[in-house]
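K.L.:
Here it is, the structure in full.
The values are calculated or read from the model by the stated rules, or taken from the named source; none is laboratory data. Note that the structure is predicted; figures quoted are calculated from it, not measured. Virtual Cβ from ideal backbone geometry, glycine too; neighbours counted across all protein chains shown. Keep in mind that these areas ignore ligands, DNA and RNA; they rest on the heavy atoms of the full protein, side chains included. Shrake-Rupley method; radii C 1.70, N 1.55, O 1.52, S 1.80 Å.
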Amino acid sequence: MKTIEKKYLIPFCLITSLFFLWGLANNMTDTLLSAFKRIMSMSDAQTSLIQFAFYGSYFCFALPAALFIRKHNYKSGVILGLSHYALGAILFLPAAAAASYAFYLIALYILAGGCSILETAANPYILSMGSPETATRRLNIAQSFNPIGCITGSFFMSLMFPTIYGLALENVDSDDKKIGASGLIMAILGGAVITPLQGVISDAAGIHISYIVPLVCLAVVLSYAVYVEKLKKFNIS
């Protein structure tokens, strides 16, 4: 059974190219964090507002995007997401001219909203391009373009998400999948909540101690993997 059927090859390649866009945006937040901290002498908690704006936007835009896509189609969702992404990117120019931290956060929020809409549209679209048995494999192939230019640790994390995404939406009806997809994108809110928490702990106890926070998160991901594996064995038996 082919992972990518010939009739879906061109749309698959086009949608896969979008995965680079939000990978680029994700990497940009790390650059902005270090730049603002150095230039404006901000604390870790203050600079974490960058990631709060970025991932908070994911949470706010995902469900409206899913409702929009369900009413129209995946193509309309992709166009809307690209428009938001472009608008956010353009707003960085006046933000730079004004040298305003708040302006940067607004521009980043709009850009991230575009990423949220794109992910809400693109992820289930990739899953629908062929057999359900190979859906998670297709999503992993598409997501492999996401971490280009990233460090090895970021590459590992980017492979986690499509696998969790595919498993969570397995055997979900087409219409429900669009709404369910938005819930998974909204869960990226964790990046907005966890990052400031780590920043506060870093300011209070040091950067090394603060890594306890992502360690706990990874433990939760591991427990989910164990749960799914046990569930599959139970269903087979």
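K.L.:
Taking every Cα atom in segment 1-150, find the radius of gyration and the maximum pairwise distance Dmax, and write them in Å.
P.N.:
17.0, 56
K.L.:
Give me the percent of the accessible area of segment 74-145 that comes from carbon and sulfur atoms, probe 1.4 Å, all protein chains in place. Numbers along the way, then the final one.
P.N.:
Working: 2040 of 2770 Å².
Ligands and nucleic acids excluded, carbon and sulfur reach 74 percent.
K.L.:
Hey, another quick one. Identify, among Asn26, Ala62, Tyr125, the residue whose Cα sits farthest towards the positive end of the charge dipole of segment 1-135, taking +1 on the Cβ of Lys and Arg and -1 on the Cβ of Asp and Glu, with the dipole about the Cα centre.
P.N.:
Comparing the listed Cα positions along the dipole, Tyr125 ranks first.
K.L.:
Compute the signed sum of charges (Lys and Arg +1, Asp and Glu -1) over the other residues within less than 12 Å, Cβ to Cβ, of Arg138.
P.N.:
On the way: positive: Lys2, Arg137; negative: Glu5, Glu133.
Taking every Cβ under 12 Å from that of Arg138, the sum is 0.
K.L.:
Run the numbers for Lys7 and Ala205: contour at 0.36 nm per residue of separation, minus the present Cα-Cα distance, in nm. Kindly include the intermediate steps, with their values, before the conclusion.
P.N.:
Working: separation 198, 0.36 × 198 = 71.28 nm, distance 5.55 nm.
My answer for the length gained is 65.7 nm.
K.L.:
Roughly how many whole Å is it from the C-alpha centroid of segment 193-226 to that of segment 45-63?
P.N.:
17 Å
K.L.:
Provide the packing ranking of 199-207, 212-220, 20-28, 103-111, i.e. peptides ordered by the mean count of other C-beta atoms within 10 Å per residue, highest first.
P.N.:
On the way: 199-207: 15.1, 212-220: 11.6, 20-28: 18.4, 103-111: 20.6.
Ranking, from highest mean packing down: 103-111, 20-28, 199-207, 212-220.
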